[in-house]
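Colleague: Structure in structure tokens, see below.
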């Protein structure tokens, strides 16, 4: 967000479209309303030290939002240091919806830097 010169919420969900900030600090219903029939991506980072990518601290990204956007449009970003802090433990999901959790489980590509990715287990 800083590189785009856009304001952002530290812990909230913001929507960017075509390089422009559309809305900040959204709840589930607001997100669903804005991504209704549009192509969208979810960019998340694991909670430091815990490894949760969904279900802890981002309940706005509900199972309904994840289904609407599509698991194939989830991008996980984390520094190598953040992944190292997990001590080889997997990334975690706990959305409250077993079907969505199962869709997210398995190996996932994690962006760790410019043109750098790592394959990481999600359970």
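Colleague: Of the conditions (1) within 25 Å of residue 18 (Cα to Cα); (2) modelled with pLDDT of 95 or more, residue 36 fails just one. Which one is it?
Modeller: (2)
Colleague: Go through region 1-33 residue by residue and tally those that are on the phi < 0 side of the Ramachandran plot and at pLDDT 80 or above.
Modeller: Number of matching residues: 19.
Colleague: Could you please find all residues in region 23-58 being loosely packed, with under 14 Cβ neighbours inside 10 Å, in contact with a helix residue (DSSP H, G or I) (Cβ under 9 Å, 6 or more places away or on another chain) and more than 27 Å from residue 114 (Cβ to Cβ)?
Modeller: 36
Colleague: What strands (runs of 3 or more DSSP E), lying completely within region 26-123, carry at least 2 residues that are under 13 Å from the mean Cα position of the chain (by Cα)?
Modeller: By residue number, 42-44, 52-54, 74-77, 106-113.
The values are calculated or read from the model by the stated rules, or taken from the named source; none is laboratory data. For clarity, every value in this text was computed on a predicted model and none was experimentally measured. Quick reminder, even Gly has a Cβ in these numbers, built from the backbone with ideal geometry, and neighbours come from all protein chains shown.
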